[in-house]
Amino acid sequence: QVQLVESGGGLVQPGGSLRLSCAASGFTFSMSTMYWYRQAPGKEREMVAVITHSIVSTNYAASVKGRFTVSRDNAKNTVYLQMNSLRPEDTAVYYCSALFRGNYYWGRGTQVTVSS
């Protein structure tokens, strides 16, 4: 019954911004570590950002550090990825993932396309 539903993807011009959301249900969200991954066509899936439970720390891929910000709202069981200064190379399907009680759970992804 664990469910992760991403939203907020779409088409944006280079330099633009987008905020992705991931709504979680079916587990104790506040005790989970949450991840954002992305996968571009022909490329390996890569970790973009992570935020630990209790928001004790965050980490980012070098390619997005300074441009992306991960946050969470435990009251809403939602994790966010604010993406600024978007580049064409950010184009990918973005996935939300949760680590809870030793298990990883995945959303279905949301497409982000950065193009003029």
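Output the residues belonging to segment 1-31 that are closer than 13 Å to residue 83 by Cα, open to solvent by less than 40 Å² (accessible area, probe 1.4 Å) and small (Gly, Ala, Ser).
Of everything in segment 1-31, those that are closer than 13 Å to residue 83 by Cα, open to solvent by less than 40 Å² (accessible area, probe 1.4 Å) and small (Gly, Ala, Ser) turn out to be 8, 9, 10, 16, 21.
If you check every pair at least six apart or on different chains, which have Cβ atoms under 8 Å apart with a residue in segment 15-43 that is more than 14 Å from residue 79 (Cβ to Cβ) and touching a residue at least 40 places away in the same chain (Cβ under 8 Å) first and a residue that is open to solvent by less than 20 Å² (accessible area, probe 1.4 Å) and in a loop (DSSP other than H, G, I, E, B) second?
15/86; 16/86; 17/86; 18/86
Of the conditions (1) touching a helix residue (DSSP H, G or I) at 6+ places or on another chain (Cβ under 7 Å); (2) at pLDDT below 95, residue 101 clears all except one; give me its number.
If we test residue 101 against (1) touching a helix residue (DSSP H, G or I) at 6+ places or on another chain (Cβ under 7 Å); (2) at pLDDT below 95, just (1) comes out false.
Being among the aliphatic types (A, V, I, L, M) and touching a Cys at 6+ places or on another chain (Cβ under 7 Å) is the filter here; which residues of segment 35-83 pass it?
79, the sole residue that qualifies.
Within segment 32-53, can one find any residue that is open to solvent by 50 Å² or more (accessible area, probe 1.4 Å), in a loop (DSSP other than H, G, I, E, B) and touching a helix residue (DSSP H, G or I) at 6+ places or on another chain (Cβ under 9 Å)?
no
The values are calculated or read from the model by the stated rules, or taken from the named source; none is laboratory data. These numbers come from a predicted model, not from an experiment. As a convention, Cβ positions derive from the backbone with ideal geometry for all residues, glycine included, and neighbour counts pool all protein chains shown. What goes into the accessible areas is simple: the full protein's heavy atoms, side chains included, and nothing from ligands, DNA or RNA. Shrake-Rupley method; radii C 1.70, N 1.55, O 1.52, S 1.80 Å.
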